[in-house]
Amino acid sequence: KTGAFVEIRAFRSGTDLIATRVEVEDRDDVAVRGALAAGATATSTTLTIEGVSVTVDAGTRYSDGDNRLADLAAFLAKAPAGSIVKAKSKDTPAATATSFDATGAKQGEVKIED
């Protein structure tokens with residue numbers, strides 16, 4: 001139904017995403033996992049992951065999977081374009097299929113995935 005939270009697992013085939021699993025979720029967090037697009041800099045306010053614009057700020061938490069990183073600059077030094085990363089955020093009712101807020105105010109986190 002409209003407003004439901006779903007988890008979709010998919011893989012890229014050319015320019016398409018092919019869903020392999022779709023589940024309705026009870027939670028109200030939002031996440032995207034995939035390749036980090038080129039163009040992000042240490043002063044960026046958005047990261048693009050699989051075509052989804054993720055808003056970040058000084059309060060966003062960054063990690064390399066095992067260790068917390070100081071800031072976006074440290075994250076980008078370890079995660080060049082094409083790296084597989086995951087961004088998630090809590091309480092993001094304004095999330096859309098193409099954007100969400102992962103700022104500190106929304107308990108945003110961005111991490112490098114293996």
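The values are calculated or read from the model by the stated rules, or taken from the named source; none is laboratory data. What you see is a predicted model; the values in this text were computed from it and never measured. Here the Cβ positions follow ideal geometry from the backbone for every residue, glycine too, while neighbour counts run over all protein chains shown. The area values use the complete protein model at the heavy-atom level, side chains included, leaving out ligands, DNA and RNA. Shrake-Rupley method; radii C 1.70, N 1.55, O 1.52, S 1.80 Å.
Summary table
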| read-out | value |
| --- | --- |
| Qualifying position, being over 15 Å from residue 108 (Cα atoms) and either open to solvent by 60 Å² or more (accessible area, probe 1.4 Å) or touching a Ser or Thr at 6+ places or on another chain (Cβ under 8 Å) (or both), among 38, 74 | 38 |
| Considering residues of the range 1-18 that are in a strand (DSSP E or B) and among the small types (Gly, Ala, Ser) only, the residue farthest from residue 92 (Cα to Cα) | 13 |
| Subset of the range 99-114 (residues that are out of contact with any strand residue (DSSP E or B) (no Cβ under 6 Å at 6 or more places or on another chain) and open to solvent by 40 Å² or more (accessible area, probe 1.4 Å)) | 105, 107, 114 |
| Residue list for the range 50-71, restricted to those being open to solvent by less than 40 Å² (accessible area, probe 1.4 Å) and closer than 13 Å to residue 87 by Cα | 52, 54, 56, 60, 62, 63, 64 |
